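Inspection log for the structure reproduced underneath, given as C-alpha cells.
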Amino acid sequence: GAVVSQHPSWVICKSGTSVKIECRSLDFQATTMFWYRQFPKQSLMLMATSNEGSKATYEQGVEKDKFLINHASLTLSTLTVTSAHPEDSSFYICSAHPLAGGPGYYTDTQYFGPGTRLTVL
Amino acid sequence: AQKITQTQPGMFVQEKEAVTLDCTYDTSDPSYGLFWYKQPSSGEMIFLIYQGSYDQQNATEGRYSLNFQKARKSANLVISASQLGDSAMYFCAMREGNDYKLSFGAGTTVTVRA
C-alpha cells in the first residue's frame, strides 16, 4: 500500500519554458501533499505544502509565482516550474500524507514519490 | 537551530554486520514523531521506521530498529545483518505536534562491503 507516483521521472527543457510535474497517490487519498527539492548529496528541502482545494503554503524563500502548485483532487497535486532557468535544475520529490490508514500504511507517515529529475538547458 | 542532526556523513560496514546511524533532535513540543527513510541511488525515498514521542517501546521493523532515548533526544537507527542492498543514503526526520511537515537531517551515506 501507499504508492505514490510522479510523472515525468525525468525531463530536459530549454530555458524559459514551463514544466509540469504530477504527483499521484495511487491507492490512498491525501488531503496534504508536499513538494521537496534536493540537490546532489544534500538533504531534502521543503518547498511547499499542498492542500486539496486550497492554496499551497510556501516555505520562506520559495517563489510562489515561479513554482505553481495545484492540488485539484485527493489523489493529484501538480508542480509547475514556470520560465525555467538552469538554476532550477534539480531533483523534485513529492510526498503524500494519507487521509486514513490502510493495509501497510499509516496516517503518521508521509509516503514519497520516486522523484523527477529536471534539467534546464 | 537545526531540528535534526546527523553527524555521520558516511559510513562503511561489512556485510552481515550491524550498523548504527546517529540522529539527535531538538523540539519543545511534547508530541512529535521521528522517522527514518532510505534513499538509494535511484532517488526514491523509502520509509523504514517510525517512533512516536509517547511510544513506550522502541520501534522495530524487520532488520531495522530505532533506539529511542527521549531524555537524550536521540533516535538512532540500527540496521542488523547488513546486506549489499542496504547501501544508500539514510535520512532521519521529525514531525512536530499536529504539523505534518517533516524536518530532515543532512543524511548519512552507508556503504556495505562484501
Checked B:A93, B:A75 against criteria (closer than 22 Å to A:G115 by Cβ, part of a strand (DSSP E or B) and not basic (K, R)); the one match is B:A93
So which of B:F12, B:F68 ends up being over 25 Å from A:S90 (Cβ atoms), open to solvent by 70 Å² or more (accessible area, probe 1.4 Å) and of a type outside the set (A, V, I, L, M)? B:F12
Quick check on region B:75-94. Is at least one of its residues open to solvent by 60 Å² or more (accessible area, probe 1.4 Å) and at pLDDT 95 or above? yes
Only listed residue being away from chain B (no Cβ under 11 Å) and surrounded by 15 or more Cβ atoms within 10 Å (Cβ to Cβ), chosen from A:Y58, A:Y111: A:Y58
Somewhere in region A:18-28, is a residue within 14 Å of chain B (Cβ to nearest Cβ), within 16 Å of B:L102 (Cβ to Cβ), in contact with a strand residue (DSSP E or B) (Cβ under 9 Å, 6 or more places away or on another chain) and modelled with pLDDT of 95 or more? yes
Condition broken by B:S42, with the remaining ones in (1) away from chain A (no Cβ under 11 Å); (2) within 25 Å of A:A96 (Cβ to Cβ) satisfied: (1)
Looking only at strands (runs of 3 or more DSSP E) that fall completely inside region A:8-121, which ones have 1 or more residues that are closer than 30 Å to B:Q8 by Cβ and in contact with a Cys (Cβ under 6 Å, 6 or more places away or on another chain)? A:30-38, A:90-98
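Can you tell me which of B:N58, B:N98 is outside any strand (DSSP E or B), at pLDDT 95 or above and either within 25 Å of A:P40 (Cα to Cα) or open to solvent by 60 Å² or more (accessible area, probe 1.4 Å) (or both)? Let's see the steps before the verdict.
Details: B:N98 fails: at pLDDT 95 or above.
When all the criteria are applied, what remains is B:N58.
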Given the structure, is B:L66 more than 11 Å from chain A (Cβ to nearest Cβ), of a type in the set (A, V, I, L, M) and under 13 Å from the mean Cα position of the chain (by Cα)? yes
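The values are calculated or read from the model by the stated rules, or taken from the named source; none is laboratory data. Computed from a predicted model, the values in this text were never measured in an experiment. Virtual Cβ from ideal backbone geometry, glycine too; neighbours counted across all protein chains shown. The accessibility values were calculated without ligands, DNA or RNA, using every heavy atom of the protein model including side chains. Shrake-Rupley method; radii C 1.70, N 1.55, O 1.52, S 1.80 Å.
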